[in-house]
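Just below is one structure, and these are the notes that go with it.
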Amino acid sequence: MDRDTTVLVLGDQLNDGITPLLERPPGSARILMVESEQKIASKRWHRQRIHLILSAMRHFAAERRAGGDEVDLRSAKTLGAGIDAHRTETGVEHIVAMAPASWEARRSLEAMGVELVPNNAFLCSETDFAEWADGRSTLRMEAFYRWQRQRLDLLMTADGPEGGRWNYDDENRERPPKDGRSWPTIERFELDEIDEAVIAEHPGSFGSPPEGWWPVTRQQAMHRLDEFVATGLDPFGPHEDAMIATEWKLAHSTLSPALNLGLLHPAEVVEAAIAAYERGEARLNSVEGFVRQIIGWREYVWGLYWQWMPDYRDRNDLGADRPIPPAFLGQPTDMACVANVVAKIDDKGWAHHIERLMVLGNLSLTAGIDPQAVTDWMWAGFVDGAEWVMVPNVVGMALHADGGQMATKPYASGGAYINRMSDHCRGCRFDPRKRTGDDACPFTTLYWDFLARNEDALGANHRMGRPLASMRRLTDLEEVRRRASEVLTALDAGTL
Ligand code: SF4
């Protein structure tokens, strides 16, 4: 036991392999974990989100304790108050922690004299990313992803990318199948006494209570990974962008909460997927699409966060200032797609990437909702939320609030995209083809209004030339804009 040092383990660092625990196997470490009352009270957390983090922390503490570590898991007003109390009670001054995933936490731990060691929870560290970014005029995901594939030697052959192509997106955009097929199911984990205690102490603010969908231990997380590789990976690719009203996850992995808490490491996740491909158990387009999510998008977003913080989180280049609409907060809405996705979030604290981007993000973008409010709402409402996840995804990707620094063009679309990629419109009172009239689809109306409203800001973007030209050719643009004003008023009032 290292008597002179305490390892501070944060709630998203729950792995024996984190940098400061690598040389302190179970039985040899003194560990401090703090449940911060201030953090718990800081947002309108989803019940399953607050449960997931606290339960996973307590399970990790119990496991390390059982392995012989001295573990001080305490509740305190703030993280700083917890560290102070630990120092006073144990007399141990030297505290070491893996560099936190959030900008603020790094600053405050440094100010408290905590020694920070490099964060090894990603395959591409912030410093590696900064080296990759150095000298580039644009930081595009595709270039980053190819660089990752090459340097990590994943899905590569001597001649180049496996199968001869970097990207199988064109095989992964199929519409929802109409054959009534069943999708892979996942097992629920039984709640134990730790779970029950967390639920009793922290009931949370909204959403369905925890039902055991989200792994709270390393063992459960490994089970979820094995389950996905065995049943979800192969069918994942073709319909990864499709949305089905009655299906909450289709063949998506649902591994992001376990990854974001540190219960799984991205290396083992992609290695398991590639091994399944090599055994002939999963098709290449599915495996490549999944690997792209993990070593591409996920690590790209992590790298951008550190590259551009702290100013980036406050970017609002389009001057969007609407509040979060009541429809996102559970108020009934006639927009079937929104009602369905919000119900899924309420039910499980999770929705897949296209539901987030093309329903919630798209409406937020075209309606002009405040990007910082959307960031906060998603961070608190999703079981896999975190600042490093939400800031680039919302400010950059979904809401184009960074003037195109991240995405080359805004992800704005009318109801036609949702109609093509989902079965939502069939049960909706609005018509995705209409842009005016009482039954016009709000997405379609707001799409054109968004282009008109932001014509000056988007005019210099050559990828927006055609959409803007189409908008200018609309003969009913005045009527569209009048209808858009009604839609926005109803959206704000919760009557849409
Ligand atoms: Fe959503 Fe419009 Fe389709 Fe209704 S018609 S489900 S509002 S996209």
Just name the residue that is farthest from L154 (Cα to Cα) out of those in segment 262-294 that are surrounded by 20 or more Cβ atoms within 10 Å (Cβ to Cβ), among the small types (G, A, S) and under 19 Å from the mean Cα position of the chain (by Cα).
G262
Would you point out the residue of segment 460-476, among those that are assigned to a helix (DSSP H, G or I) and of a type in the set (A, V, I, L, M), that is nearest to T408 (Cα to Cα)?
M464
Whichever residue in segment 413-438 is touching a Ser or Thr at 6+ places or on another chain (Cβ under 9 Å) and in a helix (DSSP H, G or I) and, among such residues, is farthest from the ligand (Cβ to nearest atom)
A416
Got at least one residue in segment 462-471 being in contact with a Phe, Trp or Tyr (Cβ under 7 Å, 6 or more places away or on another chain), more than 16 Å from the ligand (Cβ to nearest atom) and farther than 30 Å from P238 by Cβ?
yes
Condition test on G212, is it closer than 25 Å to S182 by Cβ, surrounded by fewer than 18 Cβ atoms within 10 Å (Cβ to Cβ) and without any contact (Cβ under 8 Å) to a residue 24 or more places away in the chain?
no
Test set (1) away from the ligand (no atom under 16 Å from the Cβ); (2) within 30 Å of P215 (Cα to Cα); (3) touching a strand residue (DSSP E or B) at 6+ places or on another chain (Cβ under 9 Å) - L399 fails condition number
(2)
The condition from (1) more than 15 Å from the chain's Cα centre (by Cα); (2) farther than 30 Å from A484 by Cβ; (3) surrounded by fewer than 19 Cβ atoms within 10 Å (Cβ to Cβ); (4) not aliphatic (A, V, I, L, M) that W297 misses is numbered (1)
Scanning segment 50-82 for residues that are touching a Gly at 6+ places or on another chain (Cβ under 9 Å) and among the β-branched types (V, I, T), which turns out farthest from L264 (Cα to Cα)?
I50
Within the group G11, G17, which residue is in contact with a His (Cβ under 7 Å, 6 or more places away or on another chain) and outside any helix (DSSP H, G or I)?
G17
Could you say which residue among V301, V291, V269 is of a type outside the set (D, E, K, R), closer than 21 Å to R173 by Cα, modelled with pLDDT of 95 or more and not in a loop (DSSP other than H, G, I, E, B)?
V291
If you check A97 against the conditions, is it aliphatic (A, V, I, L, M), within 30 Å of V291 (Cα to Cα) and part of a strand (DSSP E or B)?
yes
Of the conditions (1) more than 15 Å from the ligand (Cβ to nearest atom); (2) in contact with an Asp or Glu (Cβ under 6 Å, 6 or more places away or on another chain), A386 satisfies every one except a single condition; which number is it?
(2)
Scan segment 456-469 for residues that are exposed (fewer than 15 other Cβ atoms within 10 Å of the Cβ) and either at pLDDT 95 or above or out of contact with any helix residue (DSSP H, G or I) (no Cβ under 8 Å at 6 or more places or on another chain) (or both) and report the count.
7
Name the pairs whose Cβ atoms lie under 9 Å apart, with the first residue in segment 432-443 and without any contact (Cβ under 8 Å) to a residue 12 or more places away in the chain, the second among the β-branched types (V, I, T) and within 9 Å of the ligand (Cβ to nearest atom), and 6 or more positions between them or separate chains?
K434/T444
Given the conditions (1) under 29 Å from the mean Cα position of the chain (by Cα); (2) part of a helix (DSSP H, G or I), and given that L496 satisfies all but one, which numbered condition is not satisfied?
(2)
Restricting segment 355-412 to residues that are of a type in the set (G, A, S) and in a helix (DSSP H, G or I), which is surrounded by the fewest Cβ atoms within 10 Å (Cβ to Cβ)?
A373
Among (1) within 9 Å of the ligand (Cβ to nearest atom); (2) surrounded by fewer than 23 Cβ atoms within 10 Å (Cβ to Cβ); (3) under 20 Å from R356 (Cβ atoms), which single condition is C441 missing?
(2)
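For every residue, the table says whether it meets (1) modelled with pLDDT under 95; (2) out of contact with any helix residue (DSSP H, G or I) (no Cβ under 7 Å at 6 or more places or on another chain).
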| site | (1), (2) |
| --- | --- |
| R181 | yes, yes |
| P184 | yes, no |
| R188 | no, yes |
| D195 | no, no |
| A200 | yes, yes |
| G204 | yes, no |
| P215 | no, no |
| R218 | no, yes |
Working carefully through the options G296, G330, find the one that is in contact with a helix residue (DSSP H, G or I) (Cβ under 8 Å, 6 or more places away or on another chain) and modelled with pLDDT under 95.
G330
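Residue-wise test of (1) out of contact with any helix residue (DSSP H, G or I) (no Cβ under 7 Å at 6 or more places or on another chain); (2) among the hydrophobic types (A, V, I, L, M, F, W, C).
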position	(1), (2)
E247	yes, no
S256	yes, no
L259	no, yes
A273	no, yes
R283	no, no
R292	no, no
Y312	no, no
Consider E110 against the criteria (1) buried (at least 16 other Cβ atoms within 10 Å of the Cβ); (2) outside any loop (DSSP other than H, G, I, E, B); (3) not hydroxyl-bearing (S, T, Y): it satisfies all of them except one. Which criterion is unmet?
(1)
Please determine, by comparing only the residues of segment 318-348 that are closer than 29 Å to Q405 by Cα and either free of Cβ contacts under 8 Å to residues at least 12 places away in the same chain or part of a loop (DSSP other than H, G, I, E, B) (or both), which one is nearest to the ligand (Cβ to nearest atom).
P325
Residue list for segment 51-73, restricted to those being buried (at least 17 other Cβ atoms within 10 Å of the Cβ) and part of a strand (DSSP E or B)
V71, D72, L73
Scanning for something in a helix (DSSP H, G or I), within 16 Å of the ligand (Cβ to nearest atom) and among the small types (G, A, S), does segment 449-458 turn up at least one residue?
no
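The values are calculated or read from the model by the stated rules, or taken from the named source; none is laboratory data. On a predicted model such as this, the values are computed, not experimentally measured, just so you know. Please note: Cβ atoms are built from the backbone with ideal geometry, for glycine as well, and neighbour counts cover all protein chains shown.
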